[in-house]
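Reading through the structure tokens given below for one structure.
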Amino acid sequence: MLPVGEGNRLYWEECGNPHGVAALAVHGGPGSGCVPGMRRLFDPNKYRMVLFDQRGCGRSAPHASDPEVDLRTNTTDHLIADIELLRRHLGVHSWVVAGWSWGTTLALAYAEQHPESVTALVLTAVTTTTAREVQWITRDVGRLFPAEWARFRDAVPAADRAGSLIEAYSRLLNDPNPAVRAQAALDWCQWEDSHINLGPQPRPRLVNAAPDFRMCFARLVTHYWSHAAWRGPTELLDNVTRVADIPAVLIHGRLDVSGPPDVAWHLHRAWPASRLYIVAGMGHESGGAMAAHGVDALNRFAALGAP
């Protein structure tokens, strides 16, 4: 547990070869926390793997499921500062950074702010968390899931349904009544499960999670999305020039309706040192052929890193 300021303590772990190439795994969400399966893309003989739970989630403390936890000191810039503090704490000069979903936004923002600390990037299910992307995932994609989206919309007060659903849910998630908060977290997670799963059978991953996880996840997602990750409409894309020479692999599912492939495509077009893989038949996920591209990239990047 690493103290990172404002009363926050960051959970971190490392495994693999202590003398190997340093690598950082950046989880999605925001608010999901790191999981053991994230290690599987890294060759443990080649890599010194570092995983961590971002502020307020997973095993980090205090936990955002507590309504008393103030989120004003939980922003993209705070998370970037936490990563740098962790890097220095571990004595890492630079590392390969791998991110998934929201973790790609954070990894890219971190690299653009600290390019000297990043050897290479592997970004899977690429997002930049712009207001346009948030509008898509909370409203526009409802055209593909009309019944599920109608339930998502109708779970907020009628007066809020034509406005920002993120702000409406944020108000519910901070309601004084714990039953209102719990229902809002469940409704939010049900919508997320709906558009992430494109398979023939339901995969209710989030709604079946523990109530504290659902609350933490919903609070942090709505918090970050309502601020568009505290970045301008094209800021991350425009600042790709800062990482133009850092090799990167972008991996995105052709059928990703949660985050359409044009985000990864525009980044790749602006990033001379990047490779883009649009993976047929895959959605907003990290396994299968998506993971195979990640393993291949990390194996190649193992020769570039420095412990």
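Here are the numbers for the structure shown:
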{"item": "Unique residue being part of a helix (DSSP H, G or I), open to solvent by 60 Å² or more (accessible area, probe 1.4 Å) and of a type in the set (A, V, I, L, M, F, W, C) when the list is Trp265, Trp191, Trp225", "result": "Trp265"}
{"item": "Out of Glu133, Glu112, sole residue that is acidic (Asp, Glu), open to solvent by less than 30 Å² (accessible area, probe 1.4 Å), in contact with a helix residue (DSSP H, G or I) (Cβ under 8 Å, 6 or more places away or on another chain) and part of a helix (DSSP H, G or I)", "result": "Glu112"}
{"item": "Condition met for Leu198 (part of a loop (DSSP other than H, G, I, E, B) and either surrounded by 14 or more Cβ atoms within 10 Å (Cβ to Cβ) or in contact with a helix residue (DSSP H, G or I) (Cβ under 7 Å, 6 or more places away or on another chain) (or both))", "result": "yes"}
{"item": "Residue among Ile246, Ile166 that alone is in the same structural domain as Ala297 (by the TED database), buried (at least 18 other Cβ atoms within 10 Å of the Cβ) and in contact (Cβ under 8 Å) with a residue 40 or more places away in the chain", "result": "Ile246"}
{"item": "Residue within region 148-160 that is surrounded by 20 or more Cβ atoms within 10 Å (Cβ to Cβ) and on the phi > 0 side of the Ramachandran plot present", "result": "no"}
{"item": "Restricting region 205-258 to residues that are touching a Cys at 6+ places or on another chain (Cβ under 8 Å) and among the hydrophobic types (A, V, I, L, M, F, W, C), the residue that is nearest to Thr73 (Cα to Cα)", "result": "Leu220"}
{"item": "Pair list, Cβ < 8 Å and 6+ apart or interchain, from region 1-25 residues that are touching a residue at least 12 places away in the same chain (Cβ under 8 Å) to residues that are small (Gly, Ala, Ser) and part of a strand (DSSP E or B)", "result": "Met1/Ala61; Asn8/Ala61; Arg9/Ala61; Tyr11/Ala61; Ala23/Ala98; Leu24/Ala98; Ala25/Ala98; Ala25/Gly99"}
{"item": "Members of region 42-52 found to be touching a residue at least 60 places away in the same chain (Cβ under 8 Å) and open to solvent by less than 20 Å² (accessible area, probe 1.4 Å), listed by number", "result": "Phe42, Tyr47"}
{"item": "Contacts under 7 angstrom Cβ, first residue in region 64-76 being closer than 9 Å to His223 by Cα, partner open to solvent by 60 Å² or more (accessible area, probe 1.4 Å), 6 or more apart", "result": "Thr75/Trp230"}
{"item": "Residue in region 81-103 that is of a type in the set (Val, Ile, Thr), free of Cβ contacts under 8 Å to residues at least 40 places away in the same chain and not in a strand (DSSP E or B) present", "result": "no"}
{"item": "Condition check for Arg55: open to solvent by 20 Å² or more (accessible area, probe 1.4 Å) and of a type in the set (Lys, Arg)", "result": "no"}
{"item": "Breaking point among (1) outside any loop (DSSP other than H, G, I, E, B); (2) out of contact with any Lys or Arg (no Cβ under 7 Å at 6 or more places or on another chain), for Val249", "result": "(2)"}
{"item": "Single match in Ala228, Ala270 (criterion: at positive phi and either out of contact with any His (no Cβ under 7 Å at 6 or more places or on another chain) or not β-branched (Val, Ile, Thr) (or both))", "result": "Ala228"}
{"item": "Failed item, numbered, when Met282 is tested on (1) in a loop (DSSP other than H, G, I, E, B); (2) under 18 Å from Val97 (Cα atoms); (3) not small (Gly, Ala, Ser)", "result": "(2)"}
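The values are calculated or read from the model by the stated rules, or taken from the named source; none is laboratory data. Remember, predicted model here, so these are calculated numbers, not experimental data. Neighbour counts are summed over all protein chains in view; Cβ atoms, including those assigned to glycine, are modelled from backbone coordinates with ideal geometry. Note: areas computed on protein heavy atoms with side chains; ligands, DNA, RNA excluded. Shrake-Rupley method; radii C 1.70, N 1.55, O 1.52, S 1.80 Å.
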